[in-house]
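Participant: One structure, as structure tokens, below. Some questions next.
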Amino acid sequence: MAGTLPEYYFRVRENGAIVFQVDTENRQKRIEMQQIAVVNVRNGEIKPHGNRPLTDEDIRVIQDWMANRKLVIAERDVDDILRTVDHLNLTTQWAQTRATDDQLDLVTDSLLLAMHDLRGVLTRRKADRMIEAEKTG
């Protein structure tokens, strides 16, 4: 098992990760993890932990992880939105076929305001993209 463990472990947190170096080459043959850095994916910041300086290899591995993490987050964002579209369709079907008047009274105003807000943002953003496309060619 020790031969299959990665050299680095990233404990994901909201804005990035805590980076550990994994060590299995010790006398007890136990898995030891030493924290080496804290990273922020949003601003690209890498903060070494304690007095241990980061090696060029540490920095390269962390930067690669951050680049991959940004891709994963972007893919998940789009997937979440596509799931929201599905959920809106299911909500429409529920409202049309199964919702009681009391249930509709509970959700209608909130849904209408949220959809109105979303429609306004999407419309403005689409108009901005169309204007920009006209300007560039």
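Participant: Applying the Karplus parametrisation 6.51 cos²θ - 1.76 cosθ + 1.60 with θ = phi - 60° to the phi angles of region 82-99, what ³J(HN,Hα) value in whole Hz is obtained for each residue in order, glycine and proline being reported as x?
Facilitator: 5, 5, 5, 4, 4, 5, 4, 5, 5, 5, 4, 5, 4, 4, 7, 10, 10, 5
Participant: May I ask you to give the average projected area over all directions of the convex hull of the Cα atoms of region 32-74, in nm² rounded to one decimal?
Facilitator: Averaging across all directions leaves 3.4 nm² for the Cα convex hull.
Participant: What Kirkwood hydrodynamic radius, in Å, does the chain give when the mean of 1/r is taken over all pairs of distinct Cα atoms and then inverted?
Facilitator: Result for the chain stands at 19.8 Å.
Participant: If you place +1 on the Cβ of every Lys and Arg, -1 on the Cβ of every Asp and Glu, and leave all else neutral, what size is the dipole of the chain about its Cα centre, to the nearest 20 Debye?
Facilitator: Dipole size: approximately 320 debye.
Participant: Something else now. Report, in debye and to the nearest 20, how large the dipole of region 1-48 comes out about its Cα centre when Lys and Arg carry +1 and Asp and Glu carry -1 on their Cβ.
Facilitator: The calculation lands at about 120 debye.
Participant: Give me, ordered by chain and number, the residues 5 or more places off Tyr8 or on other chains with an amide H under 5 Å from its own placed amide H.
Facilitator: Sorted by chain and number, the residues that satisfy this are Val22.
Participant: Sticking with this structure for a sec: Regarding region 2-83, what are the three Cα extents along the principal axes, ordered largest first, in Å?
Facilitator: Principal-axis extents of region 2-83 (Cα, largest first): 51, 26, 19 Å.
Participant: I would also like to ask the following. Only Cα pairs within less than 10 Å get springs; with that Gaussian network setup on the chain, which residue of Thr84, Thr123, Thr108 has the largest fluctuation?
Facilitator: Thr123
Participant: Next question, about the same structure. Report the one residue of Ala99, Met115, Asn40 whose Cα lies farthest in the direction of the positive end of the charge dipole of the chain (charges on C-beta: Lys and Arg +1, Asp and Glu -1; origin at the Cα centre).
Facilitator: Asn40
Participant: So, one more: In region 18-71, what trypsin sites (Lys or Arg not before Pro) fall in a loop by DSSP, with at most 15 other Cβ atoms inside 10 Å?
Facilitator: Sites meeting the loop and neighbour criteria: Arg27, Lys29, Arg30, Arg42.
Participant: Under a GNM of the chain (C-alpha, springs under 10 Å), which listed residue has the highest mean-square fluctuation: Gly16, Gly44, Gly120?
Facilitator: Among Gly16, Gly44, Gly120, the largest GNM mean-square fluctuation belongs to Gly120.
Participant: Now, a different point. Which is the longest run of the chain containing none of the GluC sites (Glu not before Pro) found in DSSP loop states (not H, G, I, E, B) with at most 14 other C-beta atoms within 10 Å?
Facilitator: In short, 26-137.
Participant: Let me ask another. When the Debye formula is applied to the Cα atoms of region 59-123, each taken as the same point scatterer, what base-10 log of I(q)/I(0) results at q = 0.27, 0.28, 0.30 Å⁻¹?
Facilitator: The computed values of log10 I(q)/I(0) come out as -1.14, -1.16, -1.19.
FYI, it's all coordinate maths here, none of it is from the lab. Every value quoted in this text rests on a predicted model; they were computed, and no experiment measured them. With ideal geometry, Cβ positions are generated from the backbone for all residues, glycine too; neighbour counts draw on all protein chains shown.
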